[in-house]
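The values are calculated or read from the model by the stated rules, or taken from the named source; none is laboratory data. Just so we're clear, the structure is a prediction, and the values are computed from it rather than from any experiment. Cβ atoms come from the backbone with ideal geometry, glycine included; neighbour counts cover every protein chain shown.
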Amino acid sequence: MNVLFTASESYPLLKTGGLGDVVYSLPHALNRLGLDVRVLLPGYRDILSQLDDIQITGWLSVQGAGRMHDVRILSATHPGFELRLWIVDCAELFDRPGNPYLHPDGYDWPDNAERYAVFSRAAAMLAMDVLESGWRADVVHSHDWQTGLVPALLSVETHPPRTVFTIHNLAYGGHFSHDEFMALKLPGHWWSGEGIEFYGGFSMLKAGLVYSDVITTVSPTYASEITTPAFGYGMEGILQANSHKLHGILNGVDTSVWNPSSDPFLTAHYSARRRNPGKRKNKAALLSHFCATVTDRLLSAPLLGMVSRLVEQKGVDLVLEIIPELLTRTNANFVLLGAGHHHLENRITDLSRQHAQRVFSHIGYSEEVAHQLEAGADIFLMPSRFEPCGLNQMYSLLYGTLPVVNDTGGLADTVVDATPANIANRTATGFVMKAPTAQGLLEAVDRALDLHANTRLWNQLQRTAMEQDFGWEKSALEYILLYKNGHAA
């Protein structure tokens, strides 16, 4: 089976969130199960600079916004990929610095509609083998709004491949104006409530929902949540109408990258059966990243960590609201890693300055520090107001860093609350908030700190958490069923 993945980013070439992790890990899992998978990405400057063995496969003339683009299709390798990459190279649209979606000043690139329409048009052409390479897609698997036009474009072809569209986060809909719709010369019959029109403009994400053969999202609970007004972002009616083709498949973890027994970023390796002294050595190494001297007192106190985009969705404001009280009445310390909204960055920086011996922060993103934090912290904070799947809570479980999470999306599907009953039957793996509020978070953290003081029970929860299986093979097999039959097991 030939499968073409179309996406706007992929780890380790370029990653802004969980989408990048999935577009790396899932194709590799499918490839190992015998599928012939190609990954198609835009030719961003940061991606092109990392590729090896670049070959020109051909040229396409692609409609843009009132103009045609000569697009070069490249085939390349990268040391991190077991499979060959395809690149849509159009310097005018993609040869830019930094974040793929945002201008360095923080606003959306004004030509994003054209950029991802051109990318999608090229993807549809390649899926149909217009370059006559001898490789034609049986399935095209597209991801998030940037590739939402791909299923729509293929729907007008004769004998198109099966199309699968995955929602990684419904909050980002790829919304553009009627003027941009017209400039892109998209088919006129798409401009309707049953097509891609959305509140007077058009949505690329809606195009993927309406015209794909199969819709997936990244956890079973989130698949249910997005059909409701609370989580639907205005798309709930569309998703209800298409519920027959909507499936929730939990993301996996690439254990070749996230594995405490082999992680190259860690000071000491450890496993579910042999956690100490490895975990304690990593805690010392993490603290030494921020402190000149790591005392026994600092090392013995509970360490709460957070790795997050600094946005309200992630509940970062809730974390910042409860830290002052916890500093006053507990001996807990904090390590916070992330970047995002400036006011949240500033609040974290101020807290670190005011409590330099107890609140440590890294504004920005560091893969090395993220791995060290997962291994070195005792408790991981992830109180997201909504979370389609989430990966950090799964990393935390595998690293024995027990997560505190909100009862939503993939968090609800992966963390078993440490209630007395779940502790007794040895299924508990973390702490689930009863409400998405500061008080709800505080109560869950208090439960975690109380249990942390009970070494025997804490060790039991750590071992149960680390023995969870979040590998990609199970999810990949579910995707293969969808590719073949249009429905999962």
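Residues that are crowded, with 19+ Cβ neighbours inside 10 Å and in a helix (DSSP H, G or I): does region 240-249 have at least one?
Looking through region 240-249, none of the residues is crowded, with 19+ Cβ neighbours inside 10 Å and in a helix (DSSP H, G or I).
Across region 337-368, what is the total count of residues that are assigned to a helix (DSSP H, G or I), in contact (Cβ under 8 Å) with a residue 60 or more places away in the chain and farther than 17 Å from GLY17 by Cβ?
Restricting attention to region 337-368, the residues satisfying the condition of being assigned to a helix (DSSP H, G or I) are 342-354, 367-368.
Next cut, in contact (Cβ under 8 Å) with a residue 60 or more places away in the chain only: 367-368.
Okay, now just the ones that are also farther than 17 Å from GLY17 by Cβ, so 368.
Of the residues in that region, 1 qualify.
Is at least one residue of region 129-137 within 27 Å of the chain's Cα centre (by Cα) and within 24 Å of LEU74 (Cβ to Cβ)? Working first, answer last.
If we filter region 129-137 for residues that are within 27 Å of the chain's Cα centre (by Cα), which is where we start, we get 137.
Right, trim to within 24 Å of LEU74 (Cβ to Cβ) and you get 137.
Within region 129-137 (the criterion being within 27 Å of the chain's Cα centre (by Cα) and within 24 Å of LEU74 (Cβ to Cβ)), the answer is yes, since at least one residue qualifies.
Hey, can you tell me all the residues within region 426-452 that are under 20 Å from TYR395 (Cα atoms), within 25 Å of the chain's Cα centre (by Cα) and β-branched (Val, Ile, Thr)?
THR429, VAL432, VAL445
For region 102-132, what are the residues that are more than 14 Å from THR6 (Cβ to Cβ) and either modelled with pLDDT under 95 or among the charged types (D, E, K, R) (or both)?
Start the filter on region 102-132 by keeping residues that are more than 14 Å from THR6 (Cβ to Cβ), which leaves 102-114, 129-132.
Correct list: LEU102, HIS103, PRO104, ASP105, GLY106, TYR107, ASP108, ASP111, GLU114, ASP129, GLU132.
Residues that are assigned by TED's automatic domain parsing to the domain that holds PRO151 and farther than 29 Å from PHE5 by Cα: does region 197-213 have at least one?
So far as region 197-213 goes, yes, one or more of its residues are assigned by TED's automatic domain parsing to the domain that holds PRO151 and farther than 29 Å from PHE5 by Cα.
Residues checked against (1) over 30 Å from ILE215 (Cα atoms); (2) touching a helix residue (DSSP H, G or I) at 6+ places or on another chain (Cβ under 6 Å); (3) not small (Gly, Ala, Ser):
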site: GLY237; (1), (2), (3): no, no, no
site: ILE249; (1), (2), (3): no, yes, yes
site: ASP254; (1), (2), (3): no, yes, yes
site: SER262; (1), (2), (3): yes, no, no
site: LYS283; (1), (2), (3): yes, yes, yes
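Hey, can you tell me all the residues within region 42-83 that are among the aromatic types (Phe, Trp, Tyr) and part of a strand (DSSP E or B)?
TRP59
Please tell me if TYR101 is buried (at least 22 other Cβ atoms within 10 Å of the Cβ), in contact (Cβ under 8 Å) with a residue 12 or more places away in the chain and in contact with a helix residue (DSSP H, G or I) (Cβ under 7 Å, 6 or more places away or on another chain).
It is false that TYR101 is buried (at least 22 other Cβ atoms within 10 Å of the Cβ), in contact (Cβ under 8 Å) with a residue 12 or more places away in the chain and in contact with a helix residue (DSSP H, G or I) (Cβ under 7 Å, 6 or more places away or on another chain).
Residues that are surrounded by fewer than 24 Cβ atoms within 10 Å (Cβ to Cβ) and modelled with pLDDT under 95: list the helices (runs of 4 or more DSSP H) wholly contained in region 396-489 that include at least 1 such residues.
Passing ranges, in order: 473-485.
Which one of the conditions (1) at pLDDT 95 or above; (2) under 25 Å from ASP21 (Cα atoms) does PRO97 fail to meet, given that it meets all the rest?
With respect to (1) at pLDDT 95 or above; (2) under 25 Å from ASP21 (Cα atoms), PRO97 is out only on (1).
So which of ARG96, ARG32, ARG84 is closer than 21 Å to VAL130 by Cβ and of a type in the set (Lys, Arg)?
On the way: ARG96 fails: closer than 21 Å to VAL130 by Cβ; ARG32 fails: closer than 21 Å to VAL130 by Cβ.
None of the others qualify; the one that does is ARG84.
Which residue is nearest to VAL3 (Cα to Cα), if the candidates are limited to region 14-71 and must be in contact (Cβ under 8 Å) with a residue 40 or more places away in the chain, of a type in the set (Val, Ile, Thr) and surrounded by fewer than 19 Cβ atoms within 10 Å (Cβ to Cβ)?
THR57
Which residues, counting only those in region 303-336, are surrounded by fewer than 19 Cβ atoms within 10 Å (Cβ to Cβ) and assigned to a loop (DSSP other than H, G, I, E, B)?
Those that are surrounded by fewer than 19 Cβ atoms within 10 Å (Cβ to Cβ) and assigned to a loop (DSSP other than H, G, I, E, B): VAL311, THR330, ASN331.
Just one of LEU149, LEU85, LEU93 is of a type in the set (A, V, I, L, M) and either surrounded by fewer than 18 Cβ atoms within 10 Å (Cβ to Cβ) or over 28 Å from VAL311 (Cα atoms) (or both); which is it?
Going through LEU149, LEU85, LEU93 in turn, just one is of a type in the set (A, V, I, L, M) and either surrounded by fewer than 18 Cβ atoms within 10 Å (Cβ to Cβ) or over 28 Å from VAL311 (Cα atoms) (or both): LEU85.
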